[in-house]
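Everything on this sheet refers to the single structure shown next.
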Protein chains: 2
Amino acid sequence: MARAATTSDAFNAIAEPQRREILVLLRFGERPVTDLARDLGMTQPQASKHLRVLREVGLVRVRGAGRQRLYGLDARGLRPLHEWLGGFERFWSESFDRLDEYVQELRQATQEGPHDGDDQ
Amino acid sequence: MARAATTSDAFNAIAEPQRREILVLLRFGERPVTDLARDLGMTQPQASKHLRVLREVGLVRVRGAGRQRLYGLDARGLRPLHEWLGGFERFWSESFDRLDEYVQELRQATQEGPHDGDDQ
DNA sequence: CCATCGTATGCCTATATCGGAATGTGTGAC
DNA sequence: GTCACACATTCCGATATAGGCATACGATGG
């Protein structure tokens, strides 16, 4: 068997650096294919192919605007990634995450009794 | 060119579901190869190969313990993923994250003036 | 030193990728 | 209707994967 299809997963889809860059660009709004291709220094067909993959895993949506097709981000598809990663937060926050720190601060401020401890 | 090597990235390494499961198991502590293989229902050689990949991208470390080799999580390698994903938080929190909600609650409780709004 | 356990590696095949170039499809404009 | 434009799809080749199986490696114990 070969590697799993790039379209099988958000995990597989974003394994490709260029696809990640596309998603980053789309954070700033919808864009047509040619725009993306030019900004990322790739050919139009390649951009189209990458967008196809991203579409199949539900990370982007298309909207026909005249003879252009505007691609837009659908970041809900990234949630599985986020959730999976969530299980590891405690590990890489050996040097605490700013958000974590913030939460702790606030937790103290509100004088909520702590109900979870950290072990290991 | 083919797909980028699985060992080129944490992104590529975790594209494989079994590799993700290995990492999840390692959250609970160090473990020898055979253990992992059995728990995940795969052959020992496969587990070894997956662990090799994970090692090459710095997601696990090995520690020789007698004639066993204990594999342990090194979650720092997941930070690039976390950081990349961070840029999208605002998007998938259309239906708010529990943590986000919690932070907001607490923010109100502490009566901190709000200094950022959510747009979309 | 030799047997044995735990683990790593080599070889093989099928599969699917990414890149490049050319060409197909569809929409709007004149 | 035809041209031009924006985009999608196809064919090609090189590459490297994951799985299965056999086997090599390394350390420990007797």
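Would you point out which residue out of B:L36, B:L99 is surrounded by 14 or more Cβ atoms within 10 Å (Cβ to Cβ) and either more than 8 Å from chain A (Cβ to nearest Cβ) or modelled with pLDDT of 95 or more (or both)?
Testing whether each residue is surrounded by 14 or more Cβ atoms within 10 Å (Cβ to Cβ) and either more than 8 Å from chain A (Cβ to nearest Cβ) or modelled with pLDDT of 95 or more (or both) leaves just B:L36.
Only one of B:R52, B:R19, B:R27 is out of contact with any strand residue (DSSP E or B) (no Cβ under 7 Å at 6 or more places or on another chain), loosely packed, with under 15 Cβ neighbours inside 10 Å and free of Cβ contacts under 8 Å to residues at least 60 places away in the same chain. Can you tell me which?
None of the others qualify; the one that does is B:R52.
Report yes if some residue within the stretch B:56-68 is modelled with pLDDT of 95 or more, away from DNA strand D (no atom under 16 Å from the Cβ) and either part of a helix (DSSP H, G or I) or over 25 Å from A:D9 (Cα atoms) (or both); otherwise report no.
Yes, that holds for at least one residue.
Scan (1) under 16 Å from A:T7 (Cα atoms); (2) more than 8 Å from DNA strand D (Cβ to nearest atom) for the single condition A:R52 breaks and write down its number.
It fails just one condition, (2).
Kindly provide the set of residues from the stretch A:5-17 that are more than 7 Å from chain B (Cβ to nearest Cβ) and either in contact with a helix residue (DSSP H, G or I) (Cβ under 6 Å, 6 or more places away or on another chain) or among the basic types (K, R) (or both), ordered by number.
A:T6, A:T7, A:A10, A:A13
The values are calculated or read from the model by the stated rules, or taken from the named source; none is laboratory data. As the structure is a prediction and not an experimental result, all values here were calculated from the model. Here Cβ is always computed from backbone atoms with ideal geometry, including for glycine, and neighbour counts include all displayed protein chains.
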